[in-house]
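Let me begin by presenting the structure, written as structure tokens, before commenting on it.
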Amino acid sequence: MNTKRKGKDFCIFALPGLFCFLAVVIVPFLYGVYLTLTDWNGVSSVKNFVGLKNFAAMAKDAQFWSSLVLTFKYVIAVVVLVNVLAFLIAYLLTRGFKGQNFFRAGFFTPNLIGGIVLGYIWQFVFSRVFVSIGEATDWNLFEISWLSKPNTAFAAMVLVTVWQLSGYMILIYVAGFTGLDTEVMEAASIDGASGWKKMKNIILPLMMPSITICLFLTLSRAFMVYDVNLSLTGGAPYGSTEMAAMHVYEKAFTSRQFGTGQAEAIVLFLIVACISGIQVYITKKKEVAA
Amino acid sequence: MNSSSGVQKRSVRTFAMAGMILIFIAYMFPFLMVVINSLKQKRDIIKSPFSWLFTVKGLSFDNFVKAFNQMDFLNAIKNSLIITVSATAIVTILAAMLAYFIVRNNNMLTRIIFALMVASMIIPFQAIMIPLVSIYGGTLNLLNHRLTLIFMHVGFSMSMTVFMFHGFIRGSVPIALEEAAYLDGCTHTQTFFKIVFPLLKPIMSTTLILNALAFWNDFLLPSLVLTDKKLLTLPLSTYSFYGTYSADYGTIMAGLLLCVVPLLILYIALQKQIINGVVAGAVK
């Protein structure tokens, strides 16, 4: 009687949600691992088992490796800049001046809007507004559109991502700063800690939980960047700004090499999982109890 | 001594305030450009994108009319609304029930289910999209239906939503209330919907906001599922609109502004809830 009722409860409460999850996440994930061992082209109903050939093709896909290197550079630049900037702005915002909530809400605005729209807005800013500034002022930096040369187009990607993500991280750092125990802060000041010393020895260690979260969020978002990449540069000029996630998409859906594309997607997943795992492990260890 | 440090403190504060205002203006600059140029014609935009002054052709709302029609704006908004509202509602109910079941039946099976869900949160969408298209497009032939997209949104957001409900139910829903309900003769289903579900309101505002924002703005998944022009969501129709009109700056700016305005209105109305929801979602 009891097990029968348990079974009925399971079907009513757990099964519908579990079914969606399994059908959309777990089954495709496992099937994806299988796909890497086949030569499926996306259309034919025949899938031949080809062993590790797709991984060999991946090893030879020079563009994949260059997109991966580019993604690494991008992730490092974004993670450092976003967190430094957001930390500083959040610190200033919590110094107790008026309008703190207004600023906080304003900085967050870009996160409400999808990456596609943001990318297009900035495309206009880079290709028309900045160029106009360059023409009017003879300022070399802006004379030609940033999006037309590989290095500046990369810088544009970083700039837009930092602009967007920092608003989100500001929220988390502000929550961290407002949660700091005022008694600890006062005690530190009375003991003569001030300025950089107070920041390094008292504030930073106490802020480690917020830093763990922000690093994790920026890392995983930056690694999987796609929307802004697509709408801001589209990989141009000459595929020089094509990040890893975009390359995987192109490989599978444009070149129709689904097996190789999936092999690259799995490798990308493993890299992201390892790096975020290591990051969380390291920063968690640095967390202290107040 | 005391007063001089007070003066110093005040000047530091003024300095910080000034810096903050400058940074803030820099942050808002792109939006300002969109607003200004959405009312101008192409020639005036190229000549000077900075202001409303000195235009040859003057200012008008023509761009908005054009963008509104070319994007099929009403239809795109309708599609986005249908998909966002139904997916958010379904995932909220199903995830709350699943999380409740896991918390109240602590055994091997539920522990495995929960661990699997938590572990799956690290999988990026790109590692799933190719087999997803292969299964739902090839074998089952279910692409180009709104229901398919809703189902996938629900599936992808399930683990995160269950995780948040799970923490909340375990921490703040007392089992005594449920026991009283059973004594009064309620079934499990009645107890859940009449007693437990209303208690979940605080965490629900967080999951609702996070899920709705994610569904509304998602581009990659909808672009793989929906290609029929009638079904396009707002980000998708923005994308195809931009592809066609990318040189027509004024119309583009008006179109982008049309996409942003509904969100801004909602943001101004629900600012506090949205910010609290996002912070709570990230910290958990």
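Computed from the coordinates by the stated procedures, all read-outs in this text should not be read as laboratory data. Predicted model, so just to flag it, every value in this text is computed and none were measured. Positions of Cβ are backbone-derived with ideal geometry, glycine not excepted, and every protein chain shown enters the neighbour counts.
Mind running the shape call on chain A? Use the C-alpha gyration tensor, a ≥ b ≥ c as the square roots of the eigenvalues: rounded below 1.5 for a/c, prolate if a/b tops b/c, oblate otherwise. It is oblate, given that a/c is not under 1.5 and a/b is not larger than b/c.
A straight Cα-to-Cα reach below 24 Å connects B:Lys201 with the lysines B:Lys272, B:Lys284, residues fewer than 8 places away in its own chain not being considered.
Of the peptides B:232-239, A:95-102, the ranking by mean beta-carbon count within 10 Å, highest at the top, reads B:232-239, A:95-102.
For the stretch B:140-168 and the stretch A:60-83, write down the distance between their C-alpha centroids in whole Å. For the stretch B:140-168 versus the stretch A:60-83, the Cα centre distance is 30 Å. Rounded to the nearest 20, the size of the Cβ-charge dipole of the stretch B:2-62 about its Cα centre is 100 debye, with Lys and Arg at +1 and Asp and Glu at -1.
For the stretch B:38-76, state which chymotrypsin sites (Phe, Trp or Tyr not before Pro) are in a DSSP loop and have at most 16 other beta carbons lying within 10 Å of their beta carbon. Sites meeting the loop and neighbour criteria: B:Phe50, B:Trp52, B:Phe54, B:Phe61. Here chain B is assigned +1 on the Cβ of each Lys and Arg and -1 on the Cβ of each Asp and Glu. Its dipole about the Cα centre then comes out at about 720 debye.
When only Cα pairs below 8 angstrom with a gap of at least 6 residues are kept, chain B shows a relative contact order of 31 percent.
When shorter helices are ignored and each DSSP H run of at least 4 residues is given -39500 (n - 2.57), the per-residue value for the protein assembly as shown at 222 nm works out to -22000 deg cm²/dmol.
Descending by average beta-carbon neighbour count within 10 Å, the peptides B:184-195, A:20-31 line up as A:20-31, B:184-195, the highest first. Counting Lys and Arg as +1 and Asp and Glu as -1 over every other residue whose Cβ lies under 14 Å from the Cβ of B:Val173, the net charge comes to +2. So if I place +1 on the C-beta of Lys and Arg and -1 on the C-beta of Asp and Glu, and nothing else carries charge, what would the dipole magnitude of the protein assembly as shown be about its Cα centre? I want it in debye, nearest 20. It comes to approximately 500 debye. Highest mobility in the GNM of chain A, judged by mean-square fluctuation with C-alpha springs under 10 Å and restricted to A:Asn54, A:Asn229, A:Asn41, is found for A:Asn41.
With 10 Å bins beginning at zero, the pair-distance distribution over Cα atoms of the stretch B:71-245 amounts to 9, 32, 30, 19, 8, 2, 0 %.
Of the chymotrypsin sites (Phe, Trp or Tyr not before Pro) found in the stretch A:128-186, those that fall in a DSSP loop while having at most 13 other beta-carbon atoms within 10 Å are A:Trp139. For B:Lys78, a cut-off of 23 angstrom between C-alpha atoms picks up these lysines, skipping any fewer than 8 places away in its own chain: B:Lys66, B:Lys229, B:Lys230.
Considering only B:Ile128, B:Ile274, B:Ile45, the mean-square fluctuation computed in a Gaussian network model of chain B, springs between alpha carbons under 10 angstrom, is largest for B:Ile128.
Counts of other chain beta carbons within 10 angstrom of each beta carbon in peptide B:114-127 average 6. When each full DSSP H helix of chain A is screened for a Cα extent of at least 20 Å along its own axis and an average Kyte-Doolittle hydropathy of at least 1.6, the helices passing are A:62-93.
Take every Cα pair under 8 Å whose residues are at least 6 apart in sequence, average their separation, divide by the length of the stretch B:39-135, and the relative contact order is 16 percent. Other residues lying with their Cβ under 12 Å from the Cβ of A:Arg128 contribute a combined charge of +1, Lys and Arg counting +1, Asp and Glu -1.
Here the relative contact order of chain A, from alpha carbon pairs under 8 Å that lie six or more residues apart, stands at 28 percent.
Remark on the protein assembly as shown: hydrodynamic radius 26.0 angstrom, per the Kirkwood mean of 1/r across alpha carbon pairs. For every other residue with a beta carbon closer than 15 angstrom to the beta carbon of B:Thr187, add +1 if it is Lys or Arg and -1 if Asp or Glu, then tell me the sum. Net local charge, B:Thr187 excluded: +2.
Per residue, the convex hull spanned by the Cα atoms of the stretch B:1-140 measures out at 316 cubic angstrom. Mean per-residue shielding of peptide A:85-92 is 2, counting Cβ atoms of other chains within 10 Å of each Cβ. Dipole of the stretch B:2-62 computed with +1 at Lys/Arg Cβ and -1 at Asp/Glu Cβ about the Cα centre; of B:Leu53, B:Ile21, B:Val35, farthest Cα towards the positive end is B:Ile21.
Highest mean packing first, where packing is the average number of other Cβ atoms within 10 Å per residue, the peptides A:257-265, B:162-170, B:115-123 line up as A:257-265, B:162-170, B:115-123. Quick check: the angle from helix B:201-217's long axis to the longest principal axis of chain B, C-alpha only, nearest 10 degrees? Long axis of B:201-217 versus the principal axis of chain B: about 50 degrees. Scanning residues 5 or more positions from A:Thr38 or on other chains, those with amide H under 5 Å from its amide H are A:Val50, with H placed 1.01 Å from N in the peptide plane.
Averaged over the residues of peptide B:130-143, the number of Cβ atoms from other protein chains lying within 10 Å of each residue's Cβ is 5.
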